[in-house]
Amino acid sequence: MMRDATPKTIRLSEYTPPPFSIERVALTFDLDLDHTVVESELVIVRRPGVTGPVMLDGDVDAEGSGALLSITLDGVALPASAYTVDGGLTLHAPPDRFTLKTRRRLTPAKNKNLEGLYASSGNLFTQCEAEGFRKITWYADRPDVMSVFTVTLRADPERFPVLLSNGNKVREGVEVVDGKQRRVAVWHDPHKKPCYLFAVVAGTLVARSDTFTTMSGKAVALNVWVRAHDLDQTAHCMDSLKKSMRWDETRFGREYDLDVFNLVAVSDFNMGAMENKGLNVFNTKFVLARPDTATDVDFAGIEGVVGHEYFHNWSGNRVTCRDWFQLSLKEGFTVFRDQEFSADVGSRAVKRIEEVRRLRSLQFPEDQGPTAHPVRPDSYVEISNFYTVTIYEKGAEVVRMYLTLLGEETFRKGTDLYFSRHDGQAVTTDDFLACMAEVSGRDFTQFSRWYSQAGTPRVKSKGTWDAAKGTWTLTLTQTVPATPGQSEKLPMLVPVTTALLGSDGERLPLVVDGVARGTECVLELTQAEQRFVFSGLSHPPVPSLLRGFSAPIILETDDDEAALLFRLAHDDDAFNRVEAGQELFLRHLFASIAAIQGGAEPVAPSAKLLDAVKTALATALTTAGDPALLALALSVPGIDVIGDRLAWADYASAHRAREHLVTALATALLPLVSQVDAHLSRSLDGAPYRFTPDDVGRRSLRNVLVAWRARLADGEAHVLAHHRRAGSMTDTQAALSLLSSTTSPARDEAFKAFYAQWKDEALMVDKWFALQATSTRPQALDDVMALMKHEAFTLENPNRARSLIAALGMSNPLRFHEASGRGYAFLGEQVRALDAFNPQIAARMLTPLTRWKRQDAPRQALMKRELQRILDREGCSKDVYEIVTKSLA
């Protein structure tokens, strides 16, 4: 069984301010892979009136890493009776103000959970968010304890020529310490910070260096640190950093505040990146890129994540969260900021559609499942489990709704007030809301429910035309479904950006409830049911609702096929235009699935649907066509999207229906498909790679068309030809993805050649594993099990584990959910193995099993059985325990 005691639940309602402050922190590290000694000197001051013991967080593992070597209070050695070490450190009767000095031994080479101080490829790194600092030294490991840090690093000068920490470098050189030559570097961060933002990096690294001049004229040294082998893959990362710094000055008025900004790449990392003050540590996946090693998605990911972590310098570091329940205060706000950055430097329309697709595919299911939680959670067992799409992406949507409701100018006034009022503080989502309310004069009491109520609101729309009065009445009704722990929900404030389209496709002037509102307005749905009357109309309009996806809701409309076809052809809102095309595909697919489930053949696409697709695709041959938007509109929804809309996720029927539709589209439109492919190829083939919105769009559309043609009789030959002409990893990966689902010898030869070429590039090997794990061919699960024994596979590297295990569970529903249950048993086995040394990654791998209610009864039983087996593992971590118990409740 799991443990003798149920893990403690931490509750927001039980928050109390810290009983003491830490005025100053001085840390000295004698660094070595096998034996690091950390000396900590803390100046601790109790709050007035607080008495009793002083308790500091800590963690000592079973092998003794973290063991106490010495302890003094105000320069005097403490007797054993004056303190207790039980993981944490308790001082029984200290004075009101004192200096505590401890020495502690760490063994980073043995640290496999990648929290605290750990080793990777012979170098040393730290990861302290959320509660990793306690693995380094005893401290008040909570975000509302902020202090000024000075850090001294000492190490073998040959083994560790690079020594980095937060802030500005005070001095560095080779000195004699205890009779040995040591490289010594001293770093000082003048800005108060919580300990989760602390970082140390030591090792053999090289840097791409540059400078940036801030808007006030200060020169900042920039460094991107990597292994020497990877240096030629860092130009895009550096360019993204400089663009981020300039954008934050222009868009939010935020200037960088240190003399140096260091960014370090590491291949062993549980997350994507970490915003440690002045020393960001990144997963290599979000640093390294060349056209031959990285796809367009990779380039965009680097640009976005570099921006995200840099923007944290203000939204997270200068102003941080009071407690971990406020995590979305920094993460949701910063995701919004990185989304806006990517939209401004790329295609705003494409970025918005991609954001919504991610929200729907990951966050909406989370809202509908057993681990649903509000943007500001009420409780947790393990905070690492709450780095979720709800906290990040839904949190960003909440911030975006402020912008929608207030407008750009007032919203900017609100963020300026927030940063100036709370600089150097640890605050709450209520503080952010208060700033928005103050600058706008609005009452945001109802809006605050977006922070406290879990679940995705469902809004139904119905339009009624009155020819005699020339009015069109829009009725909106909203419900918020019950979620675990929240059975009763109150109406939300839902901003619905709205336009009405006339018969010529142009926006009509809006007069809403007697008030002129231009040609686009934000309707505020605040009640369970609400009516809005549009007057002065001569003909029934075609509504364009929730433009730009103005709220994170599920909108159910009364649109018929004619309205969808009209919006696909005419709507000037890119999101709604693409949405119309996707809805047309989905309605056809649902009809096909119903036929398949009834024992019949899939339904052939209607002439109207084929004509609409043909008309849209033909625009690619004109200057009016946007290839990126066309690619999004014409991509047939995946079976995960289809499954989420079915009564139960019948992925086998969804796959068959989808294959039938794609084949029918390719067959009916082959001459035009070939013409557009050739047109796009004239711009792409032989040209140097460019990461620009136009070229990214062209590659995306061409790869959609290649995927269509892959279903035809000559499909494999066409895919192989595409593979040969590939001028970038984007096209190479697209071709390999299509080949991966075949059983031909050409498939095996292509994958063998890819591995032979790239076996020394870790991120390329990750792609190689993931492409095979997401194959739809019948033996895909057997392939994955065999790849677990491959020479390049290891569970200890999170990227590698994700590339095979998570790729199967999260990105291959057809094969993961095979009726035999083998996919469930496989995932359960790997989660149990991971949980023994990396509970964070184990808990995140669990997600596919937690969604058992979306399956039919036999699969539900198999998935629940596997969850129970995970829970019954001796030594089950609290990370995994929390997810499994919620899933089974």
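The values are calculated or read from the model by the stated rules, or taken from the named source; none is laboratory data. What you are looking at is a predicted structure, and each value in this text was computed from that prediction instead of being measured. Positions of Cβ are generated from backbone atoms using ideal geometry, with glycine treated the same way; all protein chains shown enter the neighbour counts. Please note that ligands, DNA and RNA were not included when accessible areas were found on the heavy atoms of the full protein model with its side chains. Shrake-Rupley method; radii C 1.70, N 1.55, O 1.52, S 1.80 Å.
Out of curiosity, is D298 over 23 Å from F411 (Cα atoms), surrounded by fewer than 22 Cβ atoms within 10 Å (Cβ to Cβ), among the charged types (D, E, K, R) and touching a residue at least 40 places away in the same chain (Cβ under 8 Å)? Spell out the reasoning first.
Working: over 23 Å from F411 (Cα atoms): yes; surrounded by fewer than 22 Cβ atoms within 10 Å (Cβ to Cβ): no; among the charged types (D, E, K, R): yes; touching a residue at least 40 places away in the same chain (Cβ under 8 Å): yes.
Criteria not met by D298.
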Please identify the pairs in which a residue from region 208-233 that is closer than 20 Å to F282 by Cβ and charged (D, E, K, R) has its Cβ atom under 6 Å from the Cβ atom of a residue that is assigned to a loop (DSSP other than H, G, I, E, B) and open to solvent by less than 60 Å² (accessible area, probe 1.4 Å), counting only partners at least 6 apart or on another chain. R208/T234; D230/L288
Any idea which of T497, T526, T479 is in contact with a helix residue (DSSP H, G or I) (Cβ under 7 Å, 6 or more places away or on another chain), touching a residue at least 12 places away in the same chain (Cβ under 8 Å) and closer than 29 Å to L433 by Cα? T497
Residue check: is T732 at pLDDT 95 or above and in a loop (DSSP other than H, G, I, E, B)? no
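S635 - would you say it is more than 19 Å from G505 (Cα to Cα), open to solvent by less than 20 Å² (accessible area, probe 1.4 Å), touching a residue at least 60 places away in the same chain (Cβ under 8 Å) and not aliphatic (A, V, I, L, M)? Walk me through it before giving the result.
Details: more than 19 Å from G505 (Cα to Cα): yes; open to solvent by less than 20 Å² (accessible area, probe 1.4 Å): no; touching a residue at least 60 places away in the same chain (Cβ under 8 Å): yes; not aliphatic (A, V, I, L, M): yes.
Taking the combined requirement at face value, the residue does not satisfy it.
Quick one: would you say D230 is touching a helix residue (DSSP H, G or I) at 6+ places or on another chain (Cβ under 8 Å), assigned to a helix (DSSP H, G or I), modelled with pLDDT of 95 or more and under 19 Å from A265 (Cα atoms)?
Working: touching a helix residue (DSSP H, G or I) at 6+ places or on another chain (Cβ under 8 Å): yes; assigned to a helix (DSSP H, G or I): yes; modelled with pLDDT of 95 or more: yes; under 19 Å from A265 (Cα atoms): yes.
Answer is yes for this residue.
Given the condition in contact with a Gly (Cβ under 7 Å, 6 or more places away or on another chain), over 20 Å from L197 (Cβ atoms), at pLDDT below 95 and surrounded by 11 or more Cβ atoms within 10 Å (Cβ to Cβ), answer yes or no: does some residue in region 55-74 qualify? Before the answer, list the steps.
To start, the set of residues in region 55-74 that are in contact with a Gly (Cβ under 7 Å, 6 or more places away or on another chain) comprises 55-60, 66.
Retained after the next criterion (residues that are over 20 Å from L197 (Cβ atoms)): 55, 60, 66.
Adding the requirement that they be at pLDDT below 95 leaves 60, 66.
Checking the rest, the ones that are also surrounded by 11 or more Cβ atoms within 10 Å (Cβ to Cβ) come to 60, 66.
Yes, region 55-74 contains at least one residue that is in contact with a Gly (Cβ under 7 Å, 6 or more places away or on another chain), over 20 Å from L197 (Cβ atoms), at pLDDT below 95 and surrounded by 11 or more Cβ atoms within 10 Å (Cβ to Cβ).
Check every one of the helices (runs of 4 or more DSSP H) wholly within region 315-367 and list those with 1 or more residues that are at pLDDT 95 or above and under 29 Å from D189 (Cβ atoms). Let's see the steps before the verdict.
Values: elements: 327-345, 348-358, 364-367.
The helices (runs of 4 or more DSSP H) meeting that bar are 327-345.
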Do you know which of the residues in region 344-378 that are hydrophobic (A, V, I, L, M, F, W, C) and open to solvent by less than 10 Å² (accessible area, probe 1.4 Å) is nearest to the chain's Cα centre (by Cα)? L359
Does region 535-552 hold any residues that are out of contact with any Leu (no Cβ under 8 Å at 6 or more places or on another chain), at negative phi and either open to solvent by 30 Å² or more (accessible area, probe 1.4 Å) or without any contact (Cβ under 8 Å) to a residue 60 or more places away in the chain (or both), and which are they? S535, S538, H539, P540, R547
In region 839-855, is there at least one residue being surrounded by 24 or more Cβ atoms within 10 Å (Cβ to Cβ), touching a helix residue (DSSP H, G or I) at 6+ places or on another chain (Cβ under 7 Å), on the phi < 0 side of the Ramachandran plot and in a loop (DSSP other than H, G, I, E, B)? yes
Output the strands (runs of 3 or more DSSP E) that fall wholly within region 144-185 and possess 3 or more residues being of a type in the set (D, E, K, R), or say none. 168-177
Subset of region 257-267 [open to solvent by less than 30 Å² (accessible area, probe 1.4 Å) and touching a helix residue (DSSP H, G or I) at 6+ places or on another chain (Cβ under 6 Å)]: A265
Qualifying residues in region 322-341 (those that are more than 14 Å from the chain's Cα centre (by Cα) and under 11 Å from G307 (Cβ atoms)) - the one surrounded by the most Cβ atoms within 10 Å (Cβ to Cβ): F341
Looking at region 214-224, is at least one residue closer than 23 Å to V345 by Cβ and buried (at least 23 other Cβ atoms within 10 Å of the Cβ)? yes
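Being under 25 Å from the mean Cα position of the chain (by Cα) and open to solvent by 10 Å² or more (accessible area, probe 1.4 Å) is true for just one of H236, H229, H191. Which residue is that? Even if it seems obvious, please write down each step before you answer.
Values: H229 fails: under 25 Å from the mean Cα position of the chain (by Cα); H191 fails: under 25 Å from the mean Cα position of the chain (by Cα).
Testing whether each residue is under 25 Å from the mean Cα position of the chain (by Cα) and open to solvent by 10 Å² or more (accessible area, probe 1.4 Å) leaves just H236.
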Going through L739, L712 one at a time, which residue ends up being assigned to a helix (DSSP H, G or I) and in contact with a helix residue (DSSP H, G or I) (Cβ under 8 Å, 6 or more places away or on another chain)? L739
Only one of these is touching a His at 6+ places or on another chain (Cβ under 9 Å) and at pLDDT 95 or above: L672, L661. Name it. L661
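Give the residue that is surrounded by the fewest Cβ atoms within 10 Å (Cβ to Cβ), with candidates limited to residues of region 480-507 that are aliphatic (A, V, I, L, M) and closer than 20 Å to F549 by Cα. Show your work before the answer.
At the first step, the residues of region 480-507 found to be aliphatic (A, V, I, L, M) are 480, 482, 490, 492-494, 496, 499-501.
Right, trim to closer than 20 Å to F549 by Cα and you get 480, 492-494, 496, 499-501.
On the way: V480: 21, M492: 23, L493: 19, V494: 23, V496: 24, A499: 22, L500: 23, L501: 22.
The residue in question is L493.
For region 1-89, please list each of the strands (runs of 3 or more DSSP E) lying entirely inside it that holds at least 1 residues being out of contact with any strand residue (DSSP E or B) (no Cβ under 6 Å at 6 or more places or on another chain) and of a type outside the set (S, T, N, Q).
Details: elements: 20-30, 36-46, 54-56, 67-73, 83-86.
Result: 83-86.
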R802 versus (1) in contact with a Leu (Cβ under 9 Å, 6 or more places away or on another chain); (2) among the charged types (D, E, K, R); (3) within 18 Å of S384 (Cβ to Cβ): which is the lone unmet condition? (1)
Given the conditions (1) farther than 25 Å from E796 by Cα; (2) in contact with a strand residue (DSSP E or B) (Cβ under 8 Å, 6 or more places away or on another chain), which single one is not true for E158? (2)
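Out of the residues in region 75-97 meeting the condition of being out of contact with any helix residue (DSSP H, G or I) (no Cβ under 9 Å at 6 or more places or on another chain) and within 28 Å of N276 (Cβ to Cβ), tell me which one is least open to solvent (accessible area, probe 1.4 Å). Break it down stepwise before answering.
Step one: list which residues in region 75-97 are out of contact with any helix residue (DSSP H, G or I) (no Cβ under 9 Å at 6 or more places or on another chain), which gives 75-86, 89-90, 95-97.
From what's left, within 28 Å of N276 (Cβ to Cβ): 85, 89.
Details: V85: 61, L89: 1 Å².
The qualifying residue least open to solvent (accessible area, probe 1.4 Å) is L89.
I'm trying to understand the selection: among the residues of region 742-760, which are small (G, A, S) and buried (at least 18 other Cβ atoms within 10 Å of the Cβ)?
Our first condition is that a residue be small (G, A, S); within region 742-760, this holds for 744, 746, 750, 753, 756.
Matches in region 742-760: A750 only.
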When region 761-800 is checked residue by residue, the ones that are of a type in the set (A, V, I, L, M), farther than 16 Å from L814 by Cβ, open to solvent by less than 30 Å² (accessible area, probe 1.4 Å) and touching a residue at least 24 places away in the same chain (Cβ under 8 Å) are M764, V765, A792
Out of everything in region 638-665 that is in contact with a helix residue (DSSP H, G or I) (Cβ under 8 Å, 6 or more places away or on another chain), in a loop (DSSP other than H, G, I, E, B) and within 23 Å of P858 (Cβ to Cβ), what residue ends up being most open to solvent (accessible area, probe 1.4 Å)? R645
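Taking L124 as the residue in question, decide whether it is touching a Pro at 6+ places or on another chain (Cβ under 9 Å) and either more than 21 Å from R47 (Cα to Cα) or touching a residue at least 60 places away in the same chain (Cβ under 8 Å) (or both).
Values: touching a Pro at 6+ places or on another chain (Cβ under 9 Å): yes; either more than 21 Å from R47 (Cα to Cα) or touching a residue at least 60 places away in the same chain (Cβ under 8 Å) (or both): yes.
In short, yes.
Here are A580, A612: which of them is crowded, with 19+ Cβ neighbours inside 10 Å and under 30 Å from W450 (Cβ atoms)?
Numbers: A612 fails: under 30 Å from W450 (Cβ atoms).
From the options A580, A612, the qualifying one is A580.
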